[in-house]
Amino acid sequence: MVSSIRARTAAAAALAMAAVLAAGGLWLHALLRANLLDNTTGRAELAARKVAAQLDSRTLPPGGRLPAPESGVDLVLVRDEAGRTVASTGAGDPKHAPDLAGAPRPGPGEDSRSAVLPPARPGGERRAVVVVNAPGAHTVYAMTVLGDVDDATRAVAIGLLAGAPPLIGFAAALAWWVTGRALRPVNAIRRELAAVTASELDRRVPDPGGADEIARLARTVNDTLDRLERSDARQRQFTADASHELRNPLAAVRSRLEVALAMDRPDRESVGAALADTERLQRIAADLLLLARLDGGPAPRSEPVDLALLAAEDAARRGGPRGDAGVSLRLDARAPVPASGDPARLERALANLVDNALRYARAEVVVRAAEHDGWRLLEVTDDGPGIPEADRDRVFERFVRLDADRGRASGGTGLGLAIAREIARAHGGDVRALPAPGGGARLVLRIR
């Protein structure tokens with residue numbers, strides 16, 4: 001599955017935001033919890049030290065009752081060296097003070113120690129205990145229930161968890177939007193570059209301006225198109241010049257060969273073969289010159305033309321219903337097919353299609369002129385061997401022959417179908433090769 005740059009960027013932004021929120025949330029939760037716990041144990045230690053400072057082993061508080069502790073401290077009690085509770089805050093007998101098992105006593109060289117104790121009963125709350133050494137081998141314990149601390153840290157955790165999805169979604173949406181705006185010029189460049197064809201090398205991609213990477217990309221693409229256009233123009237000009245320059249020498253050679261062939265010479269067969277090759281060279285030169293003009297020339301002139309009449313005139317030039325080599329040429333044009341284009345070029349395209357069909361047909365070639373779905377069609381169908389499906393587009397390439405030996409023997413240049421397609425495309429259409437219903441090939445030229 002191939003994802004777009006926008007989707008990948010949005011996913012990366014979402015993952016980055018999730019990682020930042022997770023790390024920041026854990027850090028904030030731990031920092032808040034530590035600060036609250038420090039504040040709580042600080043108040044408890046202060047209360048314990050006040051009691052320790054006032055405590056005299058010879059004069060314990062009357063009844064073992066200590067004054068109420070400061071706000072934030074839940075219990076302060078005093079134990080003797082044997083671990084018995086001898087005084088505490090609050091009501092009740094000091095001997096029945098809350099269980100503080102697990103509270104550490106200060107070690108040698110220490111005067112205080114603190115710890116967090118688990119709940120005294122299931123469902124209870126954790127407790128923070130500070131133990132301070134007092135005069136007379138007594139120990140003062142100050143305890144604070146951590147319910148408020150746990151509630152505060154739990155509320156922060158819930159808030160972070162609840163706020164994370166909207167923040168992650170916002171980061172992804174922002175990255176999607178920013179990336180889309182940044183890539184908008186790239187989409188325009190892609191669309192314009194996709195429209196560049198061999199006949200439209202003068203097109204250029206839009207330059208968004210500025211000095212960023214996309215602007216430099218657009219300028220590089222335009223520079224490349226400039227070089228391609230100049231190279232293509234030089235190549236077309238060379239082909240046109242070479243074809244044009246070959247016409248006169250070939251015409252002179254042909255005329256001399258025709259004169260020599262008219263004479264009674266012992267080498268008439270060789271002269272005839274040379275004359276046939278010269279005629280083929282003339283056709284190749286003419287076809288190359290026409291292709292060069294189609295590639296680099298102006299758009300074809302547009303005037304009303306009847307494709308049915310064009311097909312009828314081509315059949316008439318070939319001698320009526322009988323074509324070349326005894327192949328029947330049948331016309332199927334029941335009504336006029338009005339179109340707009342260059343009659344001379346359309347006539348040449350049709351002639352090339354018919355020549356190709358006559359070259360490979362066994363008994364019959366059918367030329368049909370019609371309209372279909374807004375298109376004007378010229379169809380040429382033969383009953384020959386047909387065109388393999390894998391080669392139905394390749395046959396329109398230049399100098400391509402599916403049967404090279406037969407093509408050369410029949411005088412084909414390998415440019416006829418390429419010229420027909422270029423003419424059709426110059427008129428806003430195309431030529432396609434399709435299978436004929438009864439076998440053979442069906443070449444369809446369509447224009448608007």
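The values are calculated or read from the model by the stated rules, or taken from the named source; none is laboratory data. All figures in this text were calculated on a predicted structure; none of them were measured in a lab. No Cβ is skipped: glycine too gets one built from the backbone with ideal geometry, and neighbour counts run over all protein chains shown. What goes into the accessible areas is simple: the full protein's heavy atoms, side chains included, and nothing from ligands, DNA or RNA. Shrake-Rupley method; radii C 1.70, N 1.55, O 1.52, S 1.80 Å.
Observations, loosely collected:
- The condition (being under 30 Å from LEU15 (Cα atoms) and either among the acidic types (Asp, Glu) or open to solvent by less than 70 Å² (accessible area, probe 1.4 Å) (or both)) is satisfied by just one residue among GLY210, GLY272, GLY163: GLY163.
- Single residue of ALA128, ALA137 found to be in contact (Cβ under 8 Å) with a residue 24 or more places away in the chain, touching an Asp or Glu at 6+ places or on another chain (Cβ under 6 Å) and within 18 Å of VAL76 (Cα to Cα): ALA137
- Per the conditions (1) farther than 30 Å from ALA349 by Cβ; (2) open to solvent by 30 Å² or more (accessible area, probe 1.4 Å); (3) not in a helix (DSSP H, G or I), the sole criterion not satisfied by ARG203 is (1).
- Verdict on LEU77 being open to solvent by less than 30 Å² (accessible area, probe 1.4 Å), outside any helix (DSSP H, G or I) and modelled with pLDDT of 80 or more: yes
- Screening the candidates GLU258, GLU303 for the property of being over 18 Å from ILE423 (Cα atoms) and modelled with pLDDT of 75 or more yields one hit, GLU258.
- So VAL354, is it β-branched (Val, Ile, Thr) and more than 15 Å from ILE447 (Cα to Cα): yes
- The residue that is modelled with the lowest pLDDT, among those in region 380-401 that are open to solvent by 80 Å² or more (accessible area, probe 1.4 Å) and of a type in the set (A, V, I, L, M, F, W, C), is PHE399.
- Residue match in region 133-141 (condition: within 25 Å of SER4 (Cα to Cα) and touching a Pro at 6+ places or on another chain (Cβ under 6 Å)): no
- Test: residue in region 306-325 that is more than 24 Å from GLN237 (Cβ to Cβ), touching a Pro at 6+ places or on another chain (Cβ under 6 Å), modelled with pLDDT of 90 or more and surrounded by 16 or more Cβ atoms within 10 Å (Cβ to Cβ): yes
- Condition check for ARG121: under 15 Å from ALA48 (Cα atoms) and open to solvent by 70 Å² or more (accessible area, probe 1.4 Å): no
- Residue in region 367-378 that is under 18 Å from PRO437 (Cα atoms), modelled with pLDDT of 90 or more and small (Gly, Ala, Ser) present: yes
- Filter result for ALA22 (surrounded by fewer than 13 Cβ atoms within 10 Å (Cβ to Cβ) and either assigned to a helix (DSSP H, G or I) or among the hydrophobic types (A, V, I, L, M, F, W, C) (or both)): yes
- Condition check for VAL337: closer than 14 Å to ARG442 by Cα, surrounded by 20 or more Cβ atoms within 10 Å (Cβ to Cβ) and among the aliphatic types (A, V, I, L, M): no
- Every pair of residues 6+ apart whose Cβ atoms lie under 8 Å, when the first sits in region 179-199 and is farther than 23 Å from GLY210 by Cβ and in a helix (DSSP H, G or I) while the second is open to solvent by 40 Å² or more (accessible area, probe 1.4 Å) and not β-branched (Val, Ile, Thr): none
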